[in-house]
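Throughout, read-outs are computed from the coordinates displayed, never taken from laboratory work. Quick caveat, the model's predicted, so the values are computed rather than measured.
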Amino acid sequence: MNKQLISVQEFCTTFTLGRTRVYQMINNGDIETVKIGRSRRIKTASIEHWLNQLTQQN
């Protein structure tokens, strides 16, 4: 089964971005998240959308 949600830490590690930068992206609406209890998870569909936007800009 493919993951549909990943943790902020997993995202940071995968894309070598800092935690502060990732939370800025979340607050700006660049990355869509869901909250489960006290933890925040990033939707993999949102990551694909973000990557597509990056490639279109470059």
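Which angle from 0 to 90°, rounded to the nearest 10, does the C-alpha axis of helix 19-28 make with the longest principal axis of the chain?
Around 80 degrees separate the two axes.
If each residue of separation counts as 0.36 nm, what is the full-extension length gain between residue 19 and residue 49 once their alpha-carbon separation is subtracted?
Contour length minus the Cα-Cα distance gives 8.8 nm.
Of the listed values [x] 11.0; [y] 11.4; [z] 11.7, identify the label whose number matches Kirkwood radius over Cα pairs in Å calculated from this model.
Given [x] 11.0; [y] 11.4; [z] 11.7, the calculated one carries the label [z].
Calculate for the chain the 222 nm mean residue ellipticity that helices alone would give, adding -39,500 (n - 2.57) per DSSP H run of length 4 or more and normalising by residue count, nearest 500 deg cm²/dmol.
The helix-only estimate for the chain comes to -16500 deg cm²/dmol at 222 nm.
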